[in-house]
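K.L.:
Here it is, the structure, as structure tokens.
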Amino acid sequence: MNIAIIGTGNVGGALAERWAKAGHTIRLGVRDTADFKGKELLQLPNTTVHSVADAVKASDVVLIAATPQSVIAIAEQMGDVAGKVIIDAMNSVRTRPEPYADTFEALKALTKGGHLVKCFNSTGFENMRDPSYGDTAIDMFMAGSSEKGKTTARQLALDAGFAECYDFGGDDRVSLLEQFALAWINLAIMQGQGRGIAFKVIRR
């Protein structure tokens with residue numbers, strides 16, 4: 001797939017690494033192509049840097065892993081996203097993109113024609129960089145009403161090394177997925193369990 005990644009910090013960088021090594025073409029969308037966080041990502045195969053607009057234009061999938069307060073500006077820079085899958089990997093736990101309740105609501109209002117899905121928000125970037133715990137791969141989770149978006153997100157989760165990507169439901173379940181992320185943050189950071197923990201669905 002041709003994937004634009006907007007937000008080249010911990011989450012965007014970890015997924016860029018996993019997807020580039022899986023054979024996908026990665027275009028990093030940044031404000032300043034000469035000076036941006038994550039320059040080392042250009043050493044990955046099939047990875048180049050572009051303006052946000054150019055990265056999105058040349059890609060079929062757009063992952064946004066930026067700060068919530070930057071989402072409105074990013075949406076304006078993205079241009080025409082009709083038919084493209086947009087993956088919201090952010091959480092509005094501490095800040096939100098005023099006047100919207102969360103990043104998903106903002107993107108839904110501002111990116112007309114895109115296939116929006118929430119995914120890659122429910123665990124730490126360390127688990128995205130390496131989703132294996134010994135012989136067991138952990139799970140990823142998603143939500144959204146676009147079936148195209150969810151089909152794409154699931155495939156990219158598998159390509160990143162996750163065992164499965166479970167569907168929480170439609171747009172009305174996105175807030176639940178954000179609370180699920182907060183549960184991980186609570187255990188890992190607030191309760192001091194450490195960032196080397198993850199969620200896994202098991203069955204009898």
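A short reminder: the numbers here are calculations on the coordinates, not readings from a lab. Source: prediction; values computed, not measured. Cβ placement follows ideal geometry from the backbone for every residue including glycine, while neighbour counts extend to all protein chains displayed.
K.L.:
Which length gain, in nm to one decimal place, applies between ASP172 and LYS200 when the Cα-Cα distance is subtracted from 0.36 nm times their residue separation?
P.N.:
7.8 nm
K.L.:
On to the next question. Find the centroid of the Cα atoms in region 65-87 and in region 1-16, then give the distance between the two in whole Å.
P.N.:
13
K.L.:
For the residues ASP80, ASP102, ASP171, what sequence is obtained by ranking on other C-beta atoms within 10 Å, fewest first? Walk me through the intermediate numbers first.
P.N.:
On the way: ASP80 13, ASP102 21, ASP171 16.
By the 10 Å Cβ count, ascending, the order reads ASP80, ASP171, ASP102.
K.L.:
Tell me the label-point distance for the pair ASP130, LEU158, using the 7 Å Cα-to-Cβ offset, in nm and rounded to one decimal.
P.N.:
It is 2.5 nm.
K.L.:
Continuing with this model, one more query. About its Cα centre, how strong a charge dipole does region 102-194 have in debye, to the nearest 20, once Lys and Arg get +1 and Asp and Glu get -1 at the Cβ?
P.N.:
300
K.L.:
Reachable lysines from LYS84, Cα under 17 Å, same-chain residues fewer than 8 places away excluded?
P.N.:
The reachable lysines, counting only those whose Cα sits under 17 Å from LYS84, are LYS57, LYS108, LYS112, LYS118, LYS148, LYS150.
K.L.:
Next question, about the same structure. As I understand it, the dipole of region 2-190 uses +1 on the Cβ of Lys and Arg and -1 on the Cβ of Asp and Glu, about the Cα centre. Which of ALA181, PHE168, ALA66 lies farthest toward its positive end?
P.N.:
Value: ALA66.
K.L.:
Could you sort the peptides 147-159, 107-119 by per-residue average Cβ neighbour count (10 Å cutoff), highest mean leading?
P.N.:
107-119, 147-159
K.L.:
Given the -39500 (n - 2.57) contribution per DSSP H run of 4+ residues, what per-residue ellipticity at 222 nm results for the chain, rounded to the nearest 500 deg cm²/dmol?
P.N.:
Result for the chain: -9000 deg cm²/dmol, rounded to the nearest 500.
K.L.:
Of the beta bridges DSSP finds with both residues in region 2-190, what % are antiparallel, to the nearest 5?
P.N.:
Details: 4 of 29 bridges.
So the antiparallel bridges amount to about 15 percent of the total.
K.L.:
Next up: How charged is the neighbourhood of SER59? Take every other residue with its Cβ under 15 Å from the Cβ of SER59, and add Lys/Arg as +1 and Asp/Glu as -1. Please report the intermediate quantities before stating the final value.
P.N.:
On the way: positive: ARG27, LYS57, LYS84, LYS148; negative: ASP54, ASP60, ASP80.
Spelling it out: positives minus negatives among the neighbours equals +1.
K.L.:
Using Cα-Cα distances under 8 Å and only pairs 6 or more residues apart, what relative contact order does the chain have, in percent?
P.N.:
The normalised contact order for the chain reaches 17 percent.
K.L.:
Given Cβ point charges of +1 (Lys, Arg) and -1 (Asp, Glu) and nothing else, what value in debye, to the nearest 20, does the dipole of the chain about its Cα centre take?
P.N.:
Roughly 220 debye, rounded to the nearest 20.
K.L.:
Scan (i) -0.93, -1.14, -1.33; (ii) -1.06, -1.24, -1.36; (iii) -0.88, -1.16, -1.47 for the value of log10 I(q)/I(0) by the Debye sum over Cα atoms at q = 0.15, 0.17, 0.19 Å⁻¹ calculated from this model and give just the label.
P.N.:
Here log10 I(q)/I(0) by the Debye sum over Cα atoms at q = 0.15, 0.17, 0.19 Å⁻¹ agrees with entry (iii).
K.L.:
Here is a further query. Out of residues 5 or more away from TYR166 or on other chains, whose amide H comes under 5 Å of its own, with H placed 1.01 Å from N in the peptide plane?
P.N.:
So TYR166 has HN proximity to MET140, PHE141, MET142.
K.L.:
For the pair ILE189 and ASP54, what calculated FRET efficiency results from E = 1/(1 + (r/R0)^6), where r is the Cβ-Cβ distance and R0 = 41 Å, to the nearest 0.05?
P.N.:
0.70
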